[in-house]
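Structure first, commentary second.
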Amino acid sequence: MIVSPTAPLDDLVAGVRGRLRRRLAWLAFRAEEAGEPLDSLVLALGDGDDRAEEAAWVAAQPELAGLNQAIAGSDAALATAPSRWTVLCERLALTAFCADVLQSTVAVTLEPDLRRAFAALDGWKGRALGRSTLSSPDTAAASA
């Protein structure tokens with residue numbers, strides 16, 4: 001098996017950055033709909049963050065169509081075999097969810113400023129790395 005000498009790191013970072021933007025848009029929508037600030041505990045403790053609802057909302061937003069296409073393009077480029085990324089995922093037998101988590105970790109390592117965006121997912125204004133996941137509803141459900 002011949003492995004590409006260049007890992008698709010730009011695609012990896014672009015995909016993570018796109019997922020961050022999309023997730024933050026959903027959280028902002030929820031906050032606006034509830035009349036609460038984005039870092040509200042009411043939102044954090046509520047049951048309104050449903051991944052299926054998020055997926056339906058994202059699909060219905062025409063302004064996110066370009067972002068969704070960019071994410072799909074990054075994912076397709078990352079999945080192109082053989083690459084160092086696909087070989088790594090294959091050898092470690094990573095589930096889609098675990099590959100998403102590793103992508104996020106690698107992206108933050110390559111672009112430390114992404115930590116602030118992850119922190120924003122948890123309502124922290126750039127203070128720490130957030131614990132939220134960017135995986136799609138399908139990969140999150142598969143890991144449960």
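Every number here is computed from the coordinates shown, using simple stated rules; none is lab data. Note that the structure is predicted; figures quoted are calculated from it, not measured. Neighbour counts are summed over all protein chains in view; Cβ atoms, including those assigned to glycine, are modelled from backbone coordinates with ideal geometry.
With a Förster radius of 30 Å, plug the Cβ-Cβ distance of Ala77 and Thr109 into 1/(1 + (r/R0)^6) and report the FRET value to the nearest 0.05.
Computed FRET efficiency for Ala77 and Thr109 comes out at 0.95.
So how much slack lies between Ala34 and Ala65, counting 0.36 nm per residue of separation and subtracting their Cα-Cα distance, in nm?
8.7 nm
Once the Cα gyration tensor of region 19-59 is found, what semi-axes does its equivalent ellipsoid get, as square roots of 5 times the eigenvalues, in whole Å, sorted largest first?
17, 11, 9
For a Förster distance of 22 Å, can you work out the FRET efficiency between the beta-carbons of Asp10 and Asp122, rounded to the nearest 0.05? Numbers along the way, then the final one.
Numbers: r = 27 Å, r/R0 = 1.21.
Using R0 = 22 Å, I get an efficiency of 0.25.
Rounded to the nearest 0.05, what FRET efficiency do Thr95 and Arg51 give with R0 = 22 Å and r taken as the Cβ-Cβ distance? Could you check?
Working: r = 16 Å, r/R0 = 0.74.
Given R0 = 22 Å and the Cβ-Cβ separation, E is 0.85.
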